[in-house]
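Notes to accompany the following structure.
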Ligand SMILES: C[S@@+](CC[C@H](N)C(=O)[O-])C[C@H]1O[C@@H](n2cnc3c(N)ncnc32)[C@H](O)[C@@H]1O
C-alpha cells in the first residue's frame with residue numbers, strides 16, 4: 001500500500017509566485033502546444049484536469065473543449081486560477097479543491113468525461129497505478145487521456161532533496177501500468193525539454209513525455 005504524499009503546503013506557498021517563473025511558463029506553453037498538436041480535440045468535449053495548478057495549461061486548452069473541471073489539492077493554486085478566470089470572464093472552467101486519490105463526496109468531480117489531462121502532476125502522486133485506475137473510471141468508454149510528465153531523471157530535478165516525488169517515469173513501465181489500468185491505443189512522444197542547473201550545480205536537460213491513451217471499450 002502506497003503512503004499518500006501530502007505536498008499541499010509547498011504548492012499553497014508557491015501559488016502566488018508560480019507564474020512569475022519564466023522557465024515554468026515556457027514549459028507549460030510547450031506542453032499546451034504539444035497537446036493541441038497531438039490530441040484530436042472536439043469542441044463538444046467535457047474535460048477533467050488533474051493538478052491544474054494556476055491554470056497555465058487549463059486556460060489554453062479551455063478554448064479547444066466545451067468545459068473543463070480543473071482540480072487541485074492546493075487551495076492557493078485554485079484561488080489563483082479563479083482570479084484569472086474572473087479577470088478573463090472565462091466560465092468554461094470549474095475550479096475545485098480536490099485530491100484525486102481521496103476525493104471526498106462533496107468535492108469530487110461530477111459525472112464522466114470525454115478527455116482527462118494532467119501536466120507535471122503524476123510525479124507528485126505516490127500511487128501511480130491507483131491514480132490511473134481512478135482516471136479510467138472517470139472516462140467514458142473510448143475517452144482520451146493525455147499525461148505530460150518527466151521521463152526517468154537523475155533524481156536532482158527538484159530543488160528540495162526531501163520532497164517526496166517519483167524520479168520521473170520509464171516509458172515502458174508507464175505503458176504497462178496504463179494497459180493494466182484499462183487503456184489502449186497508447187503512444188508516447190516528447191512534449192518538451194528543460195535545460196537547467198540542477199541542485200547538484202550541473203547543467204542538465206530533462207525531457208517531458210506526452211502519453212496519449214484511450215479508455216478501452218471492453219476490458
Ligand atoms: C508541479 S504542479 C503542476 C501545475 C500545473 N499542471 C502546471 O503544469 O503548471 C503539480 C500540481 O499538482 C497538484 N497535486 C498534487 N497532488 C495532487 C492530488 N493528489 N490531487 C490533485 N492535485 C494534486 C499540486 O497541488 C500542484 O498544483
Calculate, for residue 43 and residue 186, the FRET efficiency according to 1/(1 + (r/R0)^6) with r their C-beta to C-beta distance and R0 22 Å; round to the nearest 0.05.
0.30
Mind ranking 205-212, 39-46 by how tightly packed they are, going by the mean number of other C-beta atoms within 10 angstrom, highest first?
205-212, 39-46
Approximate shape of the range 127-219 as ellipsoid semi-axes (Cα gyration tensor, √5λ), whole Å, largest first
29, 14, 9
Listed peptides 145-151, 110-116 by packing density, highest first (mean Cβ within 10 Å)
145-151, 110-116
Classify the range 100-169 as rounded, prolate or oblate from the Cα gyration tensor: take a ≥ b ≥ c as the square roots of its eigenvalues, call it rounded if a/c is under 1.5, otherwise prolate when a/b beats b/c and oblate if not.
prolate
Do you know the relative contact order of the range 18-164, to the nearest whole percent, from alpha carbon pairs under 8 angstrom that are 6+ apart?
21 percent
Per 5 Å bin, what percent of the C-alpha pairs of the range 1-94 does each bin hold, from zero upward?
2, 13, 22, 23, 20, 11, 6, 1, 0
For the chain, what does -39500 (n - 2.57) per DSSP helix run (n ≥ 4), summed and divided by total residues, give at 222 nm, in deg cm²/dmol to the nearest 500?
-9000 deg cm²/dmol
Eigenvalues of the Cα gyration tensor times 5, then square-rooted: what semi-axes does that give for the range 3-52, in whole angstrom, largest first?
26, 17, 10
Any chance you could check the Cα centroid distance between the range 78-140 and the range 45-74 for me, in angstrom?
7 Å
The range 8-194: C-alpha gyration tensor shape, a/c 1.5 cut-off, then a/b vs b/c
rounded
What FRET efficiency, computed as 1/(1 + (r/R0)^6) with R0 = 22 Å and r the Cβ-Cβ distance, is obtained for residue 17 and residue 75, rounded to the nearest 0.05?
0.90
Work out the FRET efficiency for residue 88 and residue 218 from their Cβ-Cβ distance, taking R0 = 41 Å, and round it to the nearest 0.05.
0.50
Distance between the range 156-196 and the range 19-34 - C-alpha centres, whole angstrom
18 Å
Computed label-point distance, nm, for sites residue 164 and residue 151 using a 7 Å Cα→Cβ extension:
2.9 nm
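Read the figures in this text as sums done on the coordinates, not as results from a lab. Given the structure is predicted, the values throughout are model-derived calculations rather than measurements. FYI the Cβ positions are ideal-geometry reconstructions off the backbone, even for glycines, and counts take in every protein chain you see.
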